[in-house]
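The values are calculated or read from the model by the stated rules, or taken from the named source; none is laboratory data. The structure presented is a predicted model; accordingly, all values stated were derived computationally and were not measured. With ideal geometry, Cβ positions are generated from the backbone for all residues, glycine too; neighbour counts draw on all protein chains shown. Heads up: the accessible areas ignore ligands, DNA and RNA and are worked out on the full protein's heavy atoms, side chains in. Shrake-Rupley method; radii C 1.70, N 1.55, O 1.52, S 1.80 Å.
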Amino acid sequence: MRKFILKNRALVKTISWRIIASVLTIAIIYSLSRDIVAAVSIVGVEFFTKMLMYWAHEKGWSYISKPKKGSKVRSLIKTASWRVVASIDTLVLVLLVTKEPIWAGSAALIESIVKTIGYYFHERAWNLGYKLTIALDLHTHTTYSDGTYTPHELIAHAVEKECEYISITDHDNFEHISHLGEISKNIKYIPGVEISAEFKKTLHILGYGFDPDHAELKSALNTLQEARRKRNIAMLENMAKKGFHISMKELHEESRGGIVGRPHFANLMLAKGYVKTYQEAFDKYLAKGQPFYMNKQRLEPKEAIRLILDAGGIPVMAHPYQTDLTSPELEALIVELKSYGLQGIEAYYCQHTKEQVKEYLEYAKKYDLLVTAGSDFHGGNKPDIDLGMNVNRLHLLPFLEAIEK
Ligand code: AMP
Ligand code: FE
Ligand code: FE
Ligand code: ZN
């Protein structure tokens, strides 16, 4: 039912408004004339005339000016002009039926006031129950990986941003789950993780709604953490040899006790004046191919997907554009991952262009994949990225239904 209404929102909304508008008109005319037959017959005719005039009014406006995004003035003038047209319609109809100019004039006047208020509340009600967009964020990082917000701070921020759902997807771990604290009732929390998979460029697999006590998933991620710790030590030794002195203690302070990653190295290099900007640390030293870069152990894509599935979770391909593949190559990769059990694709991502979103939505449709949306919020470590995404609710519905099962 809910899905049907959302899919046919414009139609159902028009009908619901026509019903309310008709009841209002009957009430106004009856209270003036005490003539229920006149009131009902006027509304009966009005139903069709208003429909026709509304259509003509819309057409007319589309000739005069095209709607521009965020153009409040146009929509205000348009609403006002429609109220004038609609009142004239009422005026003429009431006059024809009752032959009472006073009633006709009052009906038109009262109608324009009552309906303006009624329409406003009708819009509000629709936006509360059946808003076309949804605010949520299914891809975020906390202090348990390379974000700067604690889980509690991050969820509180998501509530401020009026997100309906929030998922925390730290790199290769879900430590955050045991440090959530109390979660506001105004938001739904989804357990998440982002696993880096072995791939020539970047391939990250998101997992949602898994069992956090699943032994095999936990131990696989623990092995990755252990390998990461060893890599970090080796990186520090290598940096010290080249005159860049950073200690493990400083790294742990920088990561606020969470898992240490390259962004923490970059922050310290910046703080100590070894580089002028955070990005310079990556471009000159830490990025793949640069002197301090050291590969870390990753899971094979197939293994990452299997582990998430075994733990009862939903595996989703993160930020497809980061694979750096051409469209046919990406499509082939999606087919391959799907054969391993991939269930979703992060079509909405903060860095995806409109064209990319469209392309990824098409893959989702073609390969029967769930659609997700994430900002990849890292707090102060990626200050340009804001928490929360506003996307088409219909596209997210299948995922949200699957996660609530
Ligand atoms: P790590 O897991 O320790 O290898 O660090 C990976 C993280 O470093 C990623 O999640 C990004 O946040 C960041 N990162 C990797 N490459 C770059 C880059 N070229 N520029 C800026 N940040 C990067
Ligand atoms: Fe990151
Ligand atoms: Fe990622
Ligand atoms: Zn991420």
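Computed quantities for the displayed model
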{"read-out": "Among (1) assigned to a helix (DSSP H, G or I); (2) open to solvent by 10 Å² or more (accessible area, probe 1.4 Å); (3) closer than 23 Å to Asp376 by Cβ - the single one Thr202 does not satisfy", "value": "(1)"}
{"read-out": "Qualifying positions in the range 373-405 - exposed (fewer than 15 other Cβ atoms within 10 Å of the Cβ) and assigned to a helix (DSSP H, G or I)", "value": "Gly380, Glu401, Ala402, Glu404"}
{"read-out": "Residue within the range 93-105 that is open to solvent by 60 Å² or more (accessible area, probe 1.4 Å) and within 30 Å of Leu397 (Cα to Cα) present", "value": "no"}
{"read-out": "Residues within the range 106-115 that are of a type in the set (Val, Ile, Thr) and open to solvent by 70 Å² or more (accessible area, probe 1.4 Å), tallied", "value": "1"}
{"read-out": "Residue satisfying all of: in the range 239-263; farther than 17 Å from Lys284 by Cβ and in contact with an Asp or Glu (Cβ under 9 Å, 6 or more places away or on another chain); nearest to ligand 1 (Cβ to nearest atom) among these", "value": "Gly261"}
{"read-out": "Residues within the range 104-152 that are within 16 Å of ligand 3 (Cβ to nearest atom) and either over 25 Å from the mean Cα position of the chain (by Cα) or of a type in the set (Gly, Ala, Ser) (or both), tallied", "value": "2"}
{"read-out": "Pick from the range 153-190, criterion among the basic types (Lys, Arg) and free of Cβ contacts under 8 Å to residues at least 40 places away in the same chain, ranking: nearest to ligand 4 (Cβ to nearest atom)", "value": "Lys188"}
{"read-out": "Among the candidates His139, His122, His152, His157, residue that is within 16 Å of ligand 1 (Cβ to nearest atom) and not basic (Lys, Arg)", "value": "His139"}
{"read-out": "Counted residues, the range 335-355 - those being over 20 Å from Asp384 (Cα atoms) and assigned to a helix (DSSP H, G or I)", "value": "7"}
{"read-out": "Pick from the range 136-152, criterion touching a residue at least 60 places away in the same chain (Cβ under 8 Å) and open to solvent by 10 Å² or more (accessible area, probe 1.4 Å), ranking: farthest from ligand 4 (Cβ to nearest atom)", "value": "Thr150"}
{"read-out": "Of residues in the range 113-164 being among the basic types (Lys, Arg) and outside any helix (DSSP H, G or I), the one nearest to ligand 2 (Cβ to nearest atom)", "value": "Lys161"}
{"read-out": "Elements of type helices (runs of 4 or more DSSP H) in the range 226-334, at least 2 residues being farther than 21 Å from Gly207 by Cβ", "value": "248-254, 262-271"}
{"read-out": "Top-ranked residue in the range 153-182 [being within 16 Å of ligand 3 (Cβ to nearest atom) and under 18 Å from Ile403 (Cα atoms); ranked as most open to solvent (accessible area, probe 1.4 Å)]", "value": "Phe174"}
{"read-out": "Complete set of residues in the range 115-162 that are of a type in the set (Gly, Ala, Ser) and closer than 19 Å to Phe174 by Cβ", "value": "Ser145, Gly147, Ala158"}
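A quick yes/no check of all residues on (1) open to solvent by less than 20 Å² (accessible area, probe 1.4 Å); (2) acidic (Asp, Glu):
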{"residue": "Glu254", "(1), (2)": "no, yes"}
{"residue": "Arg262", "(1), (2)": "no, no"}
{"residue": "Lys276", "(1), (2)": "no, no"}
{"residue": "Leu286", "(1), (2)": "yes, no"}
{"residue": "Phe292", "(1), (2)": "yes, no"}
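Residues checked against (1) of a type in the set (Val, Ile, Thr); (2) within 21 Å of Thr142 (Cβ to Cβ); (3) buried (at least 20 other Cβ atoms within 10 Å of the Cβ):
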{"site": "Ser184", "(1), (2), (3)": "no, yes, no"}
{"site": "Gly192", "(1), (2), (3)": "no, yes, yes"}
{"site": "Leu206", "(1), (2), (3)": "no, yes, yes"}
{"site": "Gly209", "(1), (2), (3)": "no, yes, no"}
{"site": "Ala215", "(1), (2), (3)": "no, no, no"}
{"site": "Lys218", "(1), (2), (3)": "no, yes, no"}
